[in-house]
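Asks: Got a structure for you, written out below as structure tokens; questions coming shortly.
The values are calculated or read from the model by the stated rules, or taken from the named source; none is laboratory data. Treat the numbers as computed from the prediction; the structure is a model and nothing was measured. Cβ placement follows ideal geometry from the backbone for every residue including glycine, while neighbour counts extend to all protein chains displayed. Ligands, DNA and RNA are excluded from the accessible area calculation, which covers all protein heavy atoms including side chains. Shrake-Rupley method; radii C 1.70, N 1.55, O 1.52, S 1.80 Å.
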Amino acid sequence: MIEVQGLVKRYGRVTALDEMSFTAADGEITGLLGMNGAGKSTALRILSTVLKADTGLARVGGIDVVRKPLQVRGRIGALPHNAGLYANLSARENIAYHAALQGLRGAQAKKRVDAIIERLGLGEIETRRAKGFSQGQRIRVALARALVHDPPTLLLDEPTNGLDVLATRALRDVIRDRRNAGCCVLFSSHIMQEVAALCDRIVIVADGKVSVSGTAAEVRSATGCEDLEDAFVAAVGGDGALR
Amino acid sequence: MRGLGVVYLKELRDALRDRRSVLTALLFAPLGMPLMSGGAIYLMVEERWQEATAPLSVPVVGGAEAPHLMAQLEADGIEPDHDTYADRASLAAAVKAGQVDAGVVIAEDFGAALQSGAPARVWVLHDSSQATAAVPSMRLKGIINDYGRTLGGGRLLLRGVNPALARPITTLEQDLSTPQGRSILLFGVMTYFLLFVTFMGGSQVAVDTTVGERERGSLEPLLAMPVSGGALVAGKLFATTTFMVIALAVCIATFAVATRWLPLAEAGMTANMGLANSVGIWLVVAPFALLAASVIKLVASFAKTTKEAWTYSSLCVLVPTLPIIYLQIKPMQASLPAMLVPSLSQHLLTTALVKGEDLVPMHVLASVVSTAAIAALLGAVAASRYRRGRLLS
């Protein structure tokens with residue numbers, strides 16, 4: 001369960017988040033949909049406790065991200081915008097490092113790392129250094145790293161960026177798996193079709209605010225558009241926003 | 001401090017995989033510095049030693065006027081060369097041009113003046129701005145003055161006067177330095193190299209694990225781990241420190257080995273660079289590594305890019321050398337307040353060890369505690385930068 005209430009974040013004169021509020025339930029995939037610069041990454045960074053909001057409240061699993069950041073960090077698996085792997089470490093070492101930082105030790109850690117490498121099909125590259133990985137391989141290793149401690153909450157920042165069709169499908173399977181296991185999955189994207197194909201609920205953000213949220217059907221009726229893409233364009237302020 | 005060990009081991013492994021940086025930090029710099037300075041010392045000592053004793057050929061003008069003086073020069077290892085220069089002007093020109101280090105001109109009336117008891121003139125021509133001229137001209141002046149004194153003494157004796165009457169005061173010199181103590185003239189600069197190599201040994205790791213990590217985007221997922229900023233910084237600091245103390249050990253070992261080949265005995269020196277003393281120097285300087293690591297770490301946490309961090313950290317390297325340079329100008333005895341100043345205290349303790357003096361336990365304790373305390377303080381400031389956002393934005 002993720003609860004966000006009235007989050008405000010400014011970088012100098014630029015307002016990245018302007019009273020953003022939404023919730024994401026357990027056992028659901030919630031899509032944070034918006035144009036580039038709408039504030040999606042900022043919101044995810046605040047939820048993963050690496051950034052502090054100016055005002056407002058954010059809770060993950062009922063825990064305040066500001067008051068108890070360490071507890072929140074143990075409950076989330078975060079996939080940042082760029083994978084952020086260590087180039088000198090192998091795929092397995094990258095995953096094992098985060099497993100260890102999450103407090104997994106010894107045989108238990110090895111079992112988890114083995115399992116996630118198997119699940120994401122990383123066997124072929126597990127001993128290779130991350131230096132030469134393709135974008136798809138990097139994302140998969142970063143996802144494995146985020147999932148290794150079996151967190152109840154997943155924060156994924158544009159995970160399908162730069163992936164081919166097959167890799168995207170495989171990634172969706174993994175995300176659905178986690179949802180079916182009861183996880184709360186928050187997923188950001190600027191691609192409408194992506195969100196429509198995967199998400200149970202959609203939160204459309206524009207200019208740091210939530211403009212529409214609900215199921216795909218609810219979004220369509222709220223905006224009065226039959227087509228979801230039209231609905232998205234209407235929700236973020238029309239074609240004018242692009243000019 | 002949960003996670004400290006995990007971060008430490010990961011940073012060590014990550015850094016060790018950068019072969020070139022590791023070789024530069026742990027081998028090339030710590031080996032190269034002592035060998036280069038050792039080579040310079042070797043050449044210097046050999047040169048001085050040879051100049052002071054080696055047979056020397058000196059051009060002389062008008063030597064026929066002073067056959068006894070010429071014989072005296074020859075007896076003292078200086079071969080007068082009567083043929084190359086015919087007059088004073090041509091010899092002076094050669095000295096001025098740097099073709100000759102020093103030359104002797106005997107006045108035309110030398111013989112007559114000597115006979116009549118008037119001062120007989122001898123010129124020693126040299127160019128004091130030429131470093132190579134110093135020793136030959138000093139040797140010449142020494143020999144000629146001695147010769148003159150002997151002649152003067154003879155004259156007084158002939159007249160029934162005790163020559164000692166003409167010398168009412170005798171200056172006697174007693175040099176109380178020990179061969180180890182004199183070695184400080186050469187090894188005083190060693191601490192400078194040790195501190196420099198220590199800095200160099202870990203700066204790559206310090207910068208890489210701070211700004212480098214941010215630039216590569218791996219800092220954000222790291223900050224989302226359930227590990228405190230203090231544990232992250234401490235793990236990274238200790239990894240940096242480990243590299244630094246290894247570089248320091250390699251550097252001291254190289255100094256110790258190089259010392260065996262230096263012609264120190266010829267210069268009247270011995271250096272205490274045996275195994276026990278080398279280990280002692282390592283232990284005394286090691287706390288400085290922790291301080292150096294936290295300085296670079298803190299500086300790097302303020303830098304926006306790796307390049308910027310490198311610029312800052314190369315400036316930082318200069319700071320600990322300031323007290324040592326100050327000491328070269330204004331020497332100071334080891335004291336408790338001096339032991340509270342990092343780099344100064346390490347220098348004084350190292351110097352004492354090389355001189356073969358006993359260390360004062362209180363001094364060692366003060367040096368270790370104050371250096372470690374300042375390191376911890378800077379580390380804590382660096383850790384505060386790891387708290388949300390500051391390093392990411």
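Asks: Considering the options B:36, A:183, A:195, tell which one lies farthest towards the positive end of the dipole of the protein assembly as shown, charges being +1 on Lys and Arg and -1 on Asp and Glu at the Cβ, about the Cα centre.
Replies: A:183
Asks: For segment A:174-181, take each phi angle, set θ = phi - 60°, evaluate the Karplus expression 6.51 cos²θ - 1.76 cosθ + 1.60, and give the result in whole Hz per residue in order, putting x for glycine and proline.
Replies: 5, 5, 4, 3, 5, 4, 5, 7
Asks: With unit charges on the beta carbons (Lys and Arg positive, Asp and Glu negative) and the dipole taken about the Cα centre of chain A, which residue among A:149, A:214, A:136 sits farthest to the positive side?
Replies: A:149
Asks: Which residues of segment A:93-124 end up with at least 10 Å² less accessible area in the presence of all protein chains than when their chain stands alone, using a 1.4 Å probe?
Replies: A:93, A:97, A:98, A:100, A:101, A:102, A:103, A:105
Asks: Let me know the whole percent of all Cα-Cα pairs from chain A that are separated by more than 21 Å.
Replies: When all Cα pairs of chain A are counted, 57 percent exceed 21 Å.
Asks: Now, a different point. Hey, could you grab the Kirkwood Rh for segment B:279-377? Inverse mean 1/r over distinct alpha carbon pairs, Å, one decimal.
Replies: 14.3
Asks: Give me the one-decimal Kirkwood hydrodynamic radius in Å for segment A:66-174, with the sum taken over alpha-carbon pairs.
Replies: It is 14.0 Å.
Asks: Could you tell me the total accessible area buried at the B-A interface, probe 1.4 Å, in square angstrom to the nearest hundred?
Replies: Buried surface at the B/A interface: approximately 2700 Å².
Asks: Across 10 Å bins from 0, what is the distribution of all Cα-Cα pair distances for segment A:148-201, in whole percents?
Replies: With 10 Å bins starting at 0, P(r) equals 23, 60, 17, 0.
Asks: In the calculated pair distance distribution of segment B:129-174, what percentage of Cα-Cα distances lie above 15 Å?
Replies: Value for segment B:129-174: 61 percent of Cα pairs lie more than 15 Å apart.
Asks: Would you kindly compute the Cα radius of gyration of segment B:245-313 and its largest Cα-Cα separation (Dmax), both in Å?
Replies: 17.3, 53
Asks: Relative contact order for chain B using alpha-carbon pairs under 8 Å, separation at least 6, rounded to a whole percent? Let's see the in-between values first.
Replies: Details: 510 pairs, mean separation 82.7, N = 393.
Normalised by residue count, the contact order of chain B is 21 percent.
Asks: Scan around residue A:191 for amide H atoms under 5 Å from its own, H built in the peptide plane at 1.01 Å from N, and keep only partners 5 or more places away or cross-chain.
Replies: Here the answer is none, since no amide H 5 or more places off falls under 5 Å of that of residue A:191.
Asks: Over segment B:80-137, what is the relative contact order in whole percent, taking alpha-carbon pairs under 8 Å and six or more residues apart?
Replies: It rounds to 33 percent for segment B:80-137.
Asks: If I ignore ligands, DNA and RNA and count only protein heavy atoms, how much of residue B:269 is accessible to a 1.4 Å probe, in Å² to the nearest 10?
Replies: Taking all protein chains as shown, residue B:269 has close to 20 Å².
Asks: Show log10 I(q)/I(0) for segment B:55-174 at q = 0.10, 0.14, 0.21 Å⁻¹, two decimals, from a solvent-free Debye sum over equal Cα scatterers.
Replies: For segment B:55-174, the Cα-only Debye profile gives -0.35, -0.66, -1.19.
Asks: To continue, here is another question. Which of the residues in segment A:68-83 show a loss of at least 20 Å² in accessible area from their chain by itself to the complete set of protein chains, at a probe of 1.4 Å?
Replies: With the partner chains in place, segment A:68-83 has these residues losing at least 20 Å²: A:70, A:73, A:80, A:82.
Asks: Computing the accessible area with a 1.4 Å probe over protein heavy atoms, can you report the carbon and sulfur percentage for segment B:55-174?
Replies: 55
Asks: If you scale each eigenvalue of the Cα gyration tensor by 5 and take the root, what three semi-axes come out for the protein assembly as shown, rounded to whole angstrom and sorted largest first?
Replies: Numbers: eigenvalues 1292, 122, 87 Å².
Ellipsoid half-lengths, sorted descending, are 80, 25, 21 Å.
Asks: Just to check I understand the Karplus step: with θ = phi - 60° and J = 6.51 cos²θ - 1.76 cosθ + 1.60, what whole-Hz values come out for segment B:176-185, glycine and proline as x?
Replies: Taking θ as phi minus 60°, the curve returns 8, 5, 9, x, 5, x, 5, 5, 5, 4 Hz for segment B:176-185.
Asks: For a quick check of understanding: with a 1.4 angstrom probe and all protein chains in place, what accessible area in square angstrom does residue B:161 have, to the nearest ten?
Replies: Roughly 50 Å² of residue B:161 is accessible to a 1.4 Å probe.
Asks: Here's another thing I want to ask about it. What percent does the relative contact order of chain A come to when contacts are Cα pairs within less than 8 Å and at least six residues apart? Walk me through the numbers before you get to the answer.
Replies: Details: 465 pairs, mean separation 67.0, N = 243.
Relative contact order here is 28 percent.
Asks: Return the long-range amide H neighbours of residue A:79 (sequence gap of 5 or more, or a different chain), with a cut-off of under 5 Å between placed amide H atoms.
Replies: A:155, A:156, A:157
Asks: Is there a quick way to get the dipole size of chain A? I mean about its Cα centre, with the Cβ of Lys and Arg at +1 and of Asp and Glu at -1; what is the value in debye to the nearest 20?
Replies: 1260
Asks: Using amide H atoms built 1.01 Å from N in the peptide plane, name the residues 5+ places from residue B:58, or on other chains, whose amide H lies under 5 Å from its own.
Replies: Those lying under 5 Å, H to H, from residue B:58 are B:79, B:81.
Asks: For chain B, with only Lys/Arg (+1) and Asp/Glu (-1) charged at the beta-carbon, what is the dipole magnitude about the Cα centre, in debye rounded to 20?
Replies: That gives chain B a dipole magnitude of about 2240 debye.
Asks: I would also like to ask the following. Among A:6, A:170, B:245, which residue has its Cα furthest toward the positive end of the charge dipole of the protein assembly as shown, with +1 on Lys/Arg Cβ and -1 on Asp/Glu Cβ?
Replies: Positive-end residue among those listed: A:6.
Asks: What figure, in Å² to the nearest 10, do you get for the accessible area of residue A:118 with a 1.4 Å probe and non-protein molecules left out?
Replies: Accessible area, nearest 10 Å²: 150 Å².
Asks: Charges at C-beta only: +1 for Lys and Arg, -1 for Asp and Glu. How large is the resulting dipole of segment B:55-174 about its Cα centre, in Debye rounded to 20?
Replies: Working: 9 positive and 13 negative charges, 117 e Å.
Dipole size: approximately 560 debye.
Asks: Given a 1.4 angstrom probe, I'd like the percentage of the accessible area of segment B:271-389 that is carbon and sulfur, rounded to a whole number.
Replies: Roughly 74 percent of what the probe reaches on segment B:271-389 is carbon or sulfur.
Asks: Another question about this same structure. Net charge within 12 Å of residue B:107 by Cβ-Cβ distance, Lys/Arg positive one each and Asp/Glu negative one each, not counting residue B:107 itself?
Replies: With Lys, Arg at +1 and Asp, Glu at -1, the net is -1.
Asks: For chain B, what is the calculated [θ] at 222 nm in deg cm²/dmol (nearest 500), taking -39500 (n - 2.57) for each run of four or more DSSP H residues and dividing by its residue count?
Replies: So the helix-based figure for chain B works out to -20000 deg cm²/dmol.
Asks: What are the lysines whose alpha-carbon lies under 27 Å from the alpha-carbon of residue B:10, with same-chain residues fewer than 8 places away excluded?
Replies: Result set, ordered by chain and number: A:68, A:110, A:111, A:131, B:236, B:297, B:304, B:307.
Asks: With the cut-off at 1.5 for a/c, could you classify segment B:197-294 from its C-alpha gyration tensor as rounded, prolate or oblate?
Replies: Prolate is the answer for segment B:197-294, as a/c is 1.5 or above and a/b outweighs b/c.
Asks: Please give the net charge around residue B:163, taking every other residue with its beta carbon less than 9 angstrom from that of residue B:163, where Lys and Arg add +1 and Asp and Glu add -1.
Replies: Local charge sum for residue B:163: +3.
Asks: Right, something else. Treating cross-link reach as a plain straight distance, find the lysines whose alpha-carbon is under 24 Å from the alpha-carbon of residue B:141, omitting any fewer than eight places away in the same chain.
Replies: Straight-distance partners of residue B:141: B:96.
Asks: Segment B:31-137: which trypsin sites (Lys or Arg not before Pro) are DSSP loop and have at most 14 other beta-carbon atoms within 10 angstrom?
Replies: For trypsin sites (Lys or Arg not before Pro) across segment B:31-137 that sit outside H, G, I, E and B with at most 14 neighbouring Cβ atoms in 10 Å, the list reads B:121.
Asks: So which DSSP H runs in chain B come out at 27 Å plus along the axis (Cα) with average Kyte-Doolittle of at least -1.0?
Replies: Details: long enough: B:29-53 (36 Å, 0.18); B:134-158 (36 Å, 0.20); B:229-259 (45 Å, 1.80); B:275-302 (40 Å, 1.88); B:361-385 (36 Å, 1.45).
Result, helices passing both filters: B:29-53, B:134-158, B:229-259, B:275-302, B:361-385.
Asks: Among the lysines, which fall within straight-line cross-link reach of residue B:330, defined as a Cα-Cα distance under 20 Å, with same-chain neighbours fewer than 8 residues apart omitted?
Replies: Correct list for residue B:330: B:355.
Asks: Let me ask another. Tell me, what HN-Hα J-couplings in whole Hz come from the Karplus equation 6.51 cos²θ - 1.76 cosθ + 1.60 at θ = phi - 60° for each residue of segment A:68-74, using x for Gly and Pro?
Replies: With the stated coefficients, segment A:68-74 comes to 10, x, 5, 5, 5, 4, x Hz.
Asks: If you build the Cα gyration tensor of chain B and take the root of 5 times each eigenvalue, what three semi-axes come out, in whole angstrom, biggest first?
Replies: Semi-axes from the Cα gyration tensor: 62, 23, 16 Å.
Asks: On average, how much accessible surface per residue is there in segment B:55-174, in Å², for a 1.4 Å probe, leaving out ligands, DNA and RNA?
Replies: Ligands and nucleic acids excluded, the figure is 64 Å² per residue.
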